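Here's the structure we're looking at; comments come further down.
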Amino acid sequence: MSCLALLFEWLDRKFVAKLQNRVGPKYTGPFGMLQPLADLVKLLSKEDIIPEGTKTFLFNICPVAAVLLLFIANSFVPTVHVEGVLKAEGDLIIILVIITLYLLTIYMAGSAAPSRYSLMGAARAAVMLLGFELPLMFSSLSVGFAAGGFELSKIVAKQFERPFIAGPHLIGFAIFLIAAQAELEKIPFDIPEAETEIVSGWLVELSSWRLAFFRFSKDLELVLLSGLATALYLGGPIGPVIPGLEVLLYPLYFLAKSISVLFLLSLLSTLFARIRLDQFIRLCWRYLIPLTLAYFLAMMWVV
Amino acid sequence: MDEERVVEELKARLGAAILEVKVPQRRRVFITVDREHYRAALEVLREAGFDHLVAITGIDTGDHFEVIAHVGRTLVVSVRAVVPRSDARIPSLIDLYKGAEFYERETWEMLGIVFEGNPRLTRTFLPENWPENVYPLRKDYEGG
Amino acid sequence: MRMLRDVLWNLFKGRATVMYPEERGSPPDNFRGRLGFNRDECIGCGLCHRVCPASAIEMENDGRGARPVFHIERCIYCYLCIEVCPTKAIKPGKEYAVVTSRKSDLVVR
Amino acid sequence: MGVYIPVGPQHPIHPEAILLKLKVEGEQVVDADVDSSFVHRGIEKALEHKTWLQGLYLVERVCGICNVAHSTCYTLNVENLLGVEAPTRAQYLRLVVEELARIHSHMLWLGLLAHLIGFQSLFMLVFRDREKVLDLMEELTGNRITTAYNVVGGVRRDIDPALEHRVRSTLEELRGRVKRYRKLIEEDPSVRARTVNVGILERSEAEELHAVGPVARASGIKYDVRADDPYLVHDEVPFNVVTLETCDAWGRAMVRVEEVLESIDMIMYSLDHIPSGPIRKRVPPVFKVPPGEGIARVEAPRGELFHYAKSDGSERPYRYRMRTPTLANLAALVYMLRRGDRAVYVADVPVIFGSIDPCICCTARVFVLDERGSRVLNLEDLGRSRGR
């Protein structure tokens with residue numbers, strides 16, 4: 001799973017670089033594939049700085065919690081089979097709760113430091129939650145209703161004949177992508193990190209292993225959300241197979257599908273400028289949330 | 001408005017207050033007035049449509065200071081006022097030309113000429129720990 | 001969404017980046033780089049020393065008379081010295097990478 | 001109420017050292033002040049210790065991006081004092097280089113704006129295209145940024161037909177690209193969301209605060225030194241002064257993009273109509289300038305640039321004063337941040353700040369203090385302590 005996270009970061013960077021006519025990571029490993037790992041190792045070896053006046057407990061616990069939470073969430077995502085590593089009743093709900101909890105760790109880490117930039121970043125992150133959480137939840141839950149259950153295995157199994165994206169769920173998929181983009185804090189929704197305004201927002205006072213953990217958690221989240229999109233709309237790891245080769249083909253299907261989702265997210269991040277917080281909230285409440293609700297109600301009605 | 005008309009207008013309004021007029025090139029007029037008529041000259045110019053203040057220059061000639069206000073868009077009229085070293089004060093233009101603020105602050109910092117009426121003669125260009133009453137563009141300033 | 005065409009187009013284009021240390025573009029013919037000096041052609045007039053805006057040229061006596069010493073780390077590559085040199089003893093060069101770990105590399109005699 | 005947020009002197013908003021002191025309530029700015037004392041280099045004082053010829057190369061280093069404007073202004077000023085006029089061909093070449101510099105400056109700015117509003121792709125692509133202009137500068141003048149092209153009495157290098165052809169083809173290609181960027185800025189919803197109605201400076205306010213350059217032109221003031229006070233061969237080369245009435249950051253972006261297209265046309269026209277002849281009148285390397293004073297103005301990429309020179313008849317300037325465009329626009333910047341009648345969000349600050357195309361090095365021209373803060377080191381001291 002860790003390898004996957006690092007691979008996804010590399011793919012993201014390389015793809016965006018290609019779109020922008022650049023080269024991207026190049027020197028570490030073949031085609032620079034080990035660059036994310038090298039970044040992590042380098043960050044881990046950096047001097048550890050805790051600014052004066054920091055709430056140390058929160059400051060220390062948040063990065064660990066963030067990584068742990070996402071590891072758990074990722075374990076539910078079906079990757080090699082219709083079921084994930086872990087399986088529970090209503091695991092879709094668990095994942096959604098974890099995503100919200102993860103944002104809480106961001107908020108706490110940002111507000112634990114005494115810097116005004118990080119405080120503003122944390123506040124922005126919290127405000128953004130108001131905008132994208134509903135679309136994210138409802139677009140996922142609608143799929144659950146359509147599949148008749150909130151277990152990812154059930155949702156995936158339901159798509160044996162035809163992935164959901166091929167039907168009316170295309171709208172849901174689009175909503176999910178936009179909300180995921182906001183959740184990942186990628187351009188145009190990198191408002192809490194906005195480099196040119198508040199330096200890097202909630203990340204600004206983090207250093208050494210804390211920064212490494214948070215950056216790694218972002219990669220994990222990348223995997224989680226593209227994996228979740230795959231499971232919800234693209235049929236997860238299943239696809240046409242020669243009997244007996246499932247073990248080999250399913251992971252490949254999963255990779256291909258989730259990487260396409262990743263590429264869509266990356267493409268989205270090259271198309272726009274960062275919008276302002278108030279504009280984001282307006283965008284969400286004026287267009288995204290009504291659209292989501294309409295879609296949700298329509299799904300309920302169909303079911 | 002061409003050079004001659006400007007000079008005529010100024011002479012008509014200020015008369016003997018104008019000490020010297022030079023037109024070194026096309027579209028350039030230098031006039032010298034005494035300190036008391038510095039503001040009056042600029043008021044005349046402002047009324048005549050010279051609403052763009054290009055810059056304010058301060059010079060240390062050794063025995064006195066000169067403050068030159070350059071105004072105009074197409075034609076630049078430079079009004080020079082002579083300020084004695086012992087009494088380095090001159091009226092501010094900030095109510096005539098709102099944008100004069102930063103030019104006057106700079107001249108004050110560099111030469112120590114006080115612009116009376118400028119509410120914000122505070123440091124902007126020199127570092128905070130610059131010693132008081134040391135004005136780098138004065139000719140007697142050592143080390144520069 | 002106007003950007004879409006541009007970024008997708010870039011998928012099929014080569015990179016714009018020059019991979020600097022491996023591939024070095026050659027500067028154009030009249031590029032002003034690190035200058036060279038032929039001591040035998042110098043007549044020691046000292047003009048270059050006088051005109052240099054950056055005070056990068058010092059005069060040094062080598063037994064035959066005053067000869068210039070060029071401090072490349074202070075050079076601003078204006079080539080004024082080359083222009084004023086009456087015997088063309090100072091030569092233009094195209095070397096632009098002057099990074100070194102030894103200060104003595106940056107002195108041209 | 002409200003907290004102070006320092007923006008600068010080290011901040012990703014701008015690579016140069018400036019401190020904006022913002023007073024913020026929530027996401028809104030309620031008060032602002034500027035402190036630009038971090039990079040004062042004392043160039044005006046240092047010029048009094050250089051000969052007129054050496055001064056040219058110091059003036060060029062006031063600012064990297066608008067070095068061509070500075071050296072043009074300086075040479076014009078000195079030529080006027082000397083009573084020398086550069087040959088017509090040299091004037092055309094100066095104009096070509098000046099406009100090339102304007103193109104690369106405006107494209108740099110466009111890239112920075114894209115960066116400031118977080119539009120990474122636009123930033124990368126604009127900088128990629130700007131590189132071609134720099135290559136042209138390098139071929140024509142011998143260096144990419146600090147060109148050392150203008151000299152008192154003319155220019156240093158002539159343009160040959162092969163290079164002329166390359167200039168034409170590159171600019172033709174660039175024209176297409178810039179038109180695409182213009183369309184993008186015009187239509188892209190996210191760019192519009194960040195720039196339209198941000199940093200409002202009404203026409204009357206711009207006039208009152210003596211705004212210059214694209215800032216003034218975006219507020220509807222038709223003021224361009226090239227048109228109002230032609231200095232090179234601007235009365236022979238036709239061009240439009242681009243003005244817009246939008247009075248906001250978006251308008252400033254559009255004015256600059258339009259000016260790039262305008263500059264391309266000017267270069268094309270100049271190359272078509274450039275007369276043959278000498279490119280330089282020889283002036284001795286160490287010369288005396290007759291006593292007198294003069295001013296020169298140039299339309300730098302950022303606006304009107306003003307130089308004043310006073311000579312006492314020796315080989316060094318007695319006083320040399322430079323008023324850079326950013327200094328003229330500083331009052332407007334502070335005003336835009338402070339204005340109480342419109343909400344200014346923290347996220348707007350980079351856009352407003354960037355929209356005047358600030359160049360702090362130009363604005364403050366500094367002294368270097370030694371540790372005790374009592375003595376000032378001059379450039380020669382610094383050179384010596386570095387050299388040994």
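The values are calculated or read from the model by the stated rules, or taken from the named source; none is laboratory data. Predicted model, so just to flag it, every value in this text is computed and none were measured. All Cβ positions, even for glycine, are placed from backbone atoms using ideal geometry, and neighbour counts span all protein chains on display. Please note that ligands, DNA and RNA were not included when accessible areas were found on the heavy atoms of the full protein model with its side chains. Shrake-Rupley method; radii C 1.70, N 1.55, O 1.52, S 1.80 Å.
D:VAL368 meets the conditions (1) within 14 Å of chain B (Cβ to nearest Cβ); (2) modelled with pLDDT of 80 or more in every case but one. The failed one is (2). From the list D:GLU304, D:GLU315, the one residue that fits, being away from chain B (no Cβ under 13 Å) and either in contact with a Gly (Cβ under 9 Å, 6 or more places away or on another chain) or not β-branched (Val, Ile, Thr) (or both), is D:GLU315. Close Cβ contacts (under 8 Å, 6 or more residues apart or on different chains) running from residues in the range A:18-34 that are touching a residue at least 60 places away in the same chain (Cβ under 8 Å) to residues that are in a loop (DSSP other than H, G, I, E, B) and open to solvent by 30 Å² or more (accessible area, probe 1.4 Å) comprise A:LEU19/C:LEU11. Kindly provide the set of residues from the range A:217-251 that are at pLDDT below 85 and more than 26 Å from A:PRO168 (Cβ to Cβ), ordered by number. Scanning the range A:217-251 gives A:VAL241, A:ILE242, A:PRO243, A:GLY244, A:LEU245, A:GLU246, A:VAL247, A:LEU248, A:LEU249, A:TYR250, A:PRO251. Among the conditions (1) over 22 Å from A:LEU225 (Cα atoms); (2) crowded, with 19+ Cβ neighbours inside 10 Å; (3) without any contact (Cβ under 8 Å) to a residue 24 or more places away in the chain, the only one that A:LEU43 does not satisfy is (3).
Sub-6 Å Cβ pairs linking a first residue in the range A:56-82 that is among the aromatic types (Phe, Trp, Tyr) to a second residue that is surrounded by 16 or more Cβ atoms within 10 Å (Cβ to Cβ), at least 6 apart or interchain, are A:PHE59/A:ALA112; A:PHE76/A:GLY84; A:PHE76/A:ASP91; A:PHE76/A:ILE95, ordered by first then second residue. For the range B:69-116, filtering for residues that are open to solvent by 40 Å² or more (accessible area, probe 1.4 Å) and of a type in the set (S, T, N, Q) leaves 2.
Counting only residues that are surrounded by 20 or more Cβ atoms within 10 Å (Cβ to Cβ) and either touching a residue at least 60 places away in the same chain (Cβ under 8 Å) or small (Gly, Ala, Ser) (or both), the range A:249-270 holds 9 of them.
Candidates in the range B:92-143 are the residues that are among the small types (Gly, Ala, Ser) and facing chain D (nearest Cβ under 9 Å); of these, the one that is nearest to B:GLY58 (Cα to Cα) is B:ALA100. For the range A:174-198, residues that are surrounded by 22 or more Cβ atoms within 10 Å (Cβ to Cβ), touching a Pro at 6+ places or on another chain (Cβ under 9 Å) and within 9 Å of chain D (Cβ to nearest Cβ) total 4.
Does any residue of the range D:218-226 turn out to be more than 19 Å from D:PHE306 (Cα to Cα), assigned to a loop (DSSP other than H, G, I, E, B) and modelled with pLDDT of 85 or more? Within the range D:218-226 (the criterion being more than 19 Å from D:PHE306 (Cα to Cα), assigned to a loop (DSSP other than H, G, I, E, B) and modelled with pLDDT of 85 or more), the answer is yes, since at least one residue qualifies.
As a summary of the residue check, D:PRO230 satisfies the conditions (1) of a type outside the set (Val, Ile, Thr); (2) more than 12 Å from every other protein chain (Cβ to nearest Cβ); (3) on the phi < 0 side of the Ramachandran plot; (4) surrounded by fewer than 20 Cβ atoms within 10 Å (Cβ to Cβ) except for the one numbered (2).
Residues that are more than 11 Å from every other protein chain (Cβ to nearest Cβ) number at least 1 in the following strands (runs of 3 or more DSSP E) confined to the range D:1-115: D:19-25, D:28-35. Among the residues of the range A:170-211, those identified as small (Gly, Ala, Ser) and either within 17 Å of the chain's Cα centre (by Cα) or outside any helix (DSSP H, G or I) (or both) are A:GLY172, A:ALA174, A:ALA179, A:ALA180, A:ALA182, A:ALA194, A:SER200, A:SER207. In the range D:293-309, is there at least one residue being part of a helix (DSSP H, G or I), open to solvent by less than 10 Å² (accessible area, probe 1.4 Å) and among the acidic types (Asp, Glu)? No; the residues of the range D:293-309 include none that is part of a helix (DSSP H, G or I), open to solvent by less than 10 Å² (accessible area, probe 1.4 Å) and among the acidic types (Asp, Glu). A residue that is open to solvent by 20 Å² or more (accessible area, probe 1.4 Å), part of a loop (DSSP other than H, G, I, E, B) and either touching a residue at least 12 places away in the same chain (Cβ under 8 Å) or closer than 24 Å to D:ALA331 by Cβ (or both) can be found somewhere in the range B:2-17. Of the residues making up the range D:173-202, those that are in contact with a helix residue (DSSP H, G or I) (Cβ under 9 Å, 6 or more places away or on another chain), free of Cβ contacts under 8 Å to residues at least 60 places away in the same chain and in a helix (DSSP H, G or I) are D:GLU173, D:ARG177, D:ARG180, D:ARG192, D:ALA193. Selection of the range D:116-140 for residues being free of Cβ contacts under 8 Å to residues at least 12 places away in the same chain and more than 9 Å from every other protein chain (Cβ to nearest Cβ) yields an empty set. The criterion of at least 2 residues that are among the β-branched types (Val, Ile, Thr) and at pLDDT 85 or above is met by the following strands (runs of 3 or more DSSP E) wholly inside the range B:43-144: B:53-60, B:64-71, B:76-84.
Here B:THR122 meets each of (1) touching a residue at least 24 places away in the same chain (Cβ under 8 Å); (2) surrounded by fewer than 20 Cβ atoms within 10 Å (Cβ to Cβ); (3) more than 30 Å from D:ASP228 (Cβ to Cβ) with one exception, condition (1).
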